[in-house]
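The structure appears below as structure tokens.
Any read-out appearing in this document is the output of simple, stated calculations on the displayed coordinates, not a laboratory observation. Quantities reported herein were computed from a predicted structural model and do not represent experimental measurements. Because the Cβ atoms are built from the backbone with ideal geometry, glycine has one as well, and the counts that use them run over all protein chains shown.
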Amino acid sequence: MDNGIDYTVMRENSVRRRDWLRCAAGAAVAGFERGLAASGRRPNFVFLLADDMGWGDLPSYGHASTRAHGGWIERGELKMPHLDRMAREGTRFTQFYVASAVCSPSRAGIMTGCFPSRLGIHDYLATPELNRKRGVVDSLDPATPTLTRLLQGNGYATAHFGKWHLSSGPGAPKPEQYGIDRYDACLRGPDGRVRSSQRIADEIISFVEANRERPWYVNGWFYDPHSPLHPTEEMMEPYRELATGWGGQKGAMQVYYGVLTNLDRQVGRILAKLDELGMSENTVVIFSSDNGPESALIPFTSHYGAASSAGPFRGLKRSLYEGGIRTPFLVRWKGRTPAGKVDNQTVIGGVDVLPTVCKLAGVEAPLGKVLDGEDVSQALTGRAHARTKALLWENRYPVYGHVLDMSPMLAIREGGWKLLLNPDGSRRELYEIPKDPSEMDNRAGREPGVVRRLEKTALAWQATLPKGPVDPGAGKNSYPWPRDVP
């Protein structure tokens, strides 16, 4: 498999990999010490990741309420004052793409800087039996260099609080095996899930206070607003006017907005603590989501799914259309990231997080040229970044929901063009994303040269990926159209 990384060798030589990492860590010390001498102190990092939050689920990304001509409320006013504040004090990036339209592979891309399909993580990690059936590994290989391990090896205190979802099954590697000093799932107690966002914020605050004298990195990966949602009456109180009006039933917006506003409140607590400790000028805070919003057509999400939003985009969770893989990306770094700025030019991928954080921390990224991500740190300090590497996606499973959300199996974004295709040639869709973010004007028939070029790249990349089963419904958008009875 000629893809730049020999994963068989990686697995068979984990000891050798660890030895290499120790050598690389030593070599990187000189680099980050030079950066330390120049800037005074290495920055801290908080990476806050929502689960299944859509691009349009933030007021700062366009969520807005209107009153219909008949007098009723359409959508309702979502209250997220702390993330609104983060947008005012930082920069909003409008072309951020996660590495997958589902949770585990999206997170693997963030932690490794590699496209998750290379790692055998094509879908969410579940039981060993289900993983085998879908051709998915049980866990991210602990020998794979991760962001937390690289930072830990260079003097950073590291922590992860909340959802992990990168290892599964009996005897699975623990988060600590990936370079994490302190880990807590934050699900304890009978109300574990309901209060999880609060506990994640509690743990982050405790971790920050305990590590004031050294550089640190922390993941705060929320479970919200992934299903099932059970907000308390107190959480839903600000949205009582959004009840259905029928027999005291809760409205989908009451449920969903109550959860989002509570999550926002916890983000506010973290920002306030950084301000109180005088750490905001030396802390990069990132807020994003692991993929697009869930479909309301799935029964276990129907109690809130109609309230979620992919903004102006086509596609939802699992889809390779923009709504499934394009999510908010807010960055606050007081004094370094421009306040109130909207960056519409820089194309950023989830796989860019590792090389970008390493650059800012003065840490040498692993494996150099074979990383799928690239350093976009200049964009975080106000200079638009011209991307040099293509972003690629593969989905081996069906997309559930409306037929218009059912994307082809493969996608590639290079420059302003995005091509979606099935490997068998049954579908080819080409969109000029800056001009057509809703993916409504298929240019494939008018730009055959662009299609051939991007298709060649995408198919060559797919050929390097680990082989495995492909669901018969993958890449299909068929609809049971009425037909004459013979």
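Please compute the contact order of the chain in relative form: average sequence separation of alpha-carbon pairs under 8 Å and at least six residues apart, divided by the residue count, as a percent.
Values: 1032 pairs, mean separation 108.0, N = 486.
For the chain, the relative contact order is 22 percent.
Can you find, among Ser309, Thr148, Pro482, the residue sitting farthest towards the positive end of the charge dipole of the chain, where Lys and Arg contribute +1 and Asp and Glu -1 at Cβ?
Thr148
Please report Lys456, Lys163 as a ranked list, fewest other C-beta atoms within 10 angstrom at the top and most at the bottom.
Lys456, Lys163
If I take every Cα pair under 8 Å that is 6 or more residues apart in the range 297-449, average their sequence separation and divide by the length, what percent do I get for the relative contact order?
21 percent
Around Thr158, what is the net charge, scoring Lys/Arg as +1 and Asp/Glu as -1 over all other residues with Cβ under 14 Å from its Cβ?
Within the 14 Å Cβ shell, the charges total +1.
Give the lysines whose C-alpha is closer than 27 Å to that of Lys418, dropping any in the same chain fewer than 8 places away, or say none.
Partners found: Lys317, Lys341, Lys369, Lys389, Lys435, Lys456, Lys467, Lys476.
Report the equivalent ellipsoid semi-axes for the range 394-463 in whole Å, largest first, defined as the square roots of five times the eigenvalues of the gyration tensor built from alpha carbon atoms.
Largest first, the range 394-463 gives 18, 16, 10 Å.
List the lysines whose Cα lies under 22 Å from the Cα of Lys174, skipping any in the same chain that are fewer than 8 positions away.
Lys163
Step by step: find N for the range 94-156, compute 2.2 N^0.38 Å, then divide the Cα radius of gyration by it. What's the final number?
1.21
To the nearest Å, what is the center-to-center distance of the range 394-462 and the range 241-307, using C-alpha atoms only?
31 Å
Using only helices, what value at 222 nm comes out for the chain when you add -39,500 (n - 2.57) per DSSP H run of length 4 or more and divide by the total residues, to the nearest 500 deg cm²/dmol?
Result for the chain: -8500 deg cm²/dmol, rounded to the nearest 500.
How far, in nm, would the chain grow between Arg269 and Asn477 when pulled straight, counting 0.36 nm per residue and subtracting the alpha carbon separation? Display every interim value, and only then the final one.
Details: separation 208, 0.36 × 208 = 74.88 nm, distance 4.38 nm.
Here the answer is 70.5 nm.
Please give the length that would be gained between Phe300 and Leu130 if that part of the chain were fully extended, namely 0.36 nm times their separation in residues minus their C-alpha to C-alpha distance (nm, one decimal).
That works out to 59.2 nm of additional length.
Grab the other residues whose beta carbon is less than 15 angstrom from that of Met80, score K and R as +1, D and E as -1, and report the net.
+2
Set the Förster distance to 35 Å, then compute FRET efficiency between Arg214 and Glu77 from the Cβ-Cβ distance, nearest 0.05. The partial results should precede the final answer.
Working: r = 42 Å, r/R0 = 1.20.
With R0 = 35 Å, the Cβ-Cβ based efficiency is 0.25.
Roughly how many nanometres apart are two label points built 7 Å out from the Cα toward the Cβ at Ala68 and Leu187?
Output for this residue pair reads 3.8 nm.
Under a point spin-label approximation (7 Å from Cα along Cα-to-Cβ), what is the Glu176-Thr457 distance to one decimal in nm?
Result for the modelled spin labels: 4.3 nm.
So what J values fall out for the range 476-484 if you push phi through Karplus, 6.51 cos²θ - 1.76 cosθ + 1.60 with θ = phi - 60°, rounded to Hz, Gly and Pro as x?
Running phi through 6.51 cos²θ - 1.76 cosθ + 1.60 with θ = phi - 60° gives 8, 9, 6, 10, x, 5, x, 10, 5 Hz.
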